[in-house]
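A.B. asks: Below: one structure in structure tokens.
The values are calculated or read from the model by the stated rules, or taken from the named source; none is laboratory data. On a predicted model such as this, the values are computed, not experimentally measured, just so you know. Cβ atoms come from the backbone with ideal geometry, glycine included; neighbour counts cover every protein chain shown. Keep in mind that these areas ignore ligands, DNA and RNA; they rest on the heavy atoms of the full protein, side chains included. Shrake-Rupley method; radii C 1.70, N 1.55, O 1.52, S 1.80 Å.
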Amino acid sequence: MIKIIKKNKIPLYLYCFEKIVTIKPYFVSQNCIFGIYLLKTERMITKTCGYAIRGVIFLALEKNVKRKIGIQEIAEELKVPQHFMGKILQELVRKGILKSTKGPHGGFYVNDSILDLSLIRIVEAIDGLGVLKKCFLGREECSHENPCPMHHDFEVSRRAIFENFQNKNIRYFVQQIEDGTTFLALSRKPF
């Protein structure tokens with residue numbers, strides 16, 4: 001989802017699932033996208049968190065398979081490093097989000113309650129909620145009492161992203177993928 005936050009009809013921020021992009025309207029250059037110059041890109045969540053979300057959604061899509069799914073299959077399907085994905089999924093098992101069993105028929109799996117899990121739970125488990133509170137300009141201390149020049153404008157976007165993460169559950173993403181309106185991996189393979 002991409003959304004443009006406007007103030008006085010001038011776009012301030014363009015945000016999507018993982019990134020916030022500060023934009024300056026009507027400036028044309030070689031880095032221009034539809035007349036919008038990208039000034040700064042900052043990840044809202046880490047790559048680790050993005051992999052975690054993709055892993056949970058993948059397992060939710062496969063929950064009716066009646067078998068545990070090994071890390072090799074998950075990593076291959078999502079096109080992510082196997083060792084890295086294994087560590088991420090084990091962390092989600094420790095946090096009670098996923099289940100796993102060891103052995104020759106072991107692997108990762110989820111139960112039906114995973115569909116009601118909000119995205120914010122995964123973000124909190126991997127990155128913590130501090131990632132949604134940090135200063136857009138990178139200041140150590142930025143608050144309503146001690147704001148950076150962009151604090152008040154960025155607060156609107158930050159709140160919208162937090163609410164989006166809180167209000168979207170795994171069921172929502174599974175449904176979009178099953179409908180064919182979004183894709184979990186580059187292969188665009190229906191699950």
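A.B. asks: Given (1) at positive phi; (2) free of Cβ contacts under 8 Å to residues at least 24 places away in the same chain, identify the lone condition not met by G107.
C.D. replies: (2)
A.B. asks: A further question on this structure: If a residue must be open to solvent by 40 Å² or more (accessible area, probe 1.4 Å) and farther than 20 Å from V174 by Cα, how many such residues does the range 101-118 contain?
C.D. replies: Of the residues in that region, 5 qualify.
A.B. asks: Now a separate question. Among the residues in the range 127-146, are any small (G, A, S), open to solvent by less than 40 Å² (accessible area, probe 1.4 Å) and touching a residue at least 24 places away in the same chain (Cβ under 8 Å)?
C.D. replies: No - not one qualifying residue is present in the range 127-146.
A.B. asks: Return the only residue of I53, I74 being β-branched (V, I, T), modelled with pLDDT of 95 or more and within 24 Å of K134 (Cα to Cα).
C.D. replies: I53
A.B. asks: Right, something else. Residues that are open to solvent by 30 Å² or more (accessible area, probe 1.4 Å), under 19 Å from the mean Cα position of the chain (by Cα) and without any contact (Cβ under 8 Å) to a residue 40 or more places away in the chain: does the range 54-77 have at least one?
C.D. replies: Checked the range 54-77: no residue is open to solvent by 30 Å² or more (accessible area, probe 1.4 Å), under 19 Å from the mean Cα position of the chain (by Cα) and without any contact (Cβ under 8 Å) to a residue 40 or more places away in the chain.
A.B. asks: Could you tell me whether L186 is in a loop (DSSP other than H, G, I, E, B), surrounded by 11 or more Cβ atoms within 10 Å (Cβ to Cβ), at pLDDT below 90 and not aromatic (F, W, Y)?
C.D. replies: no
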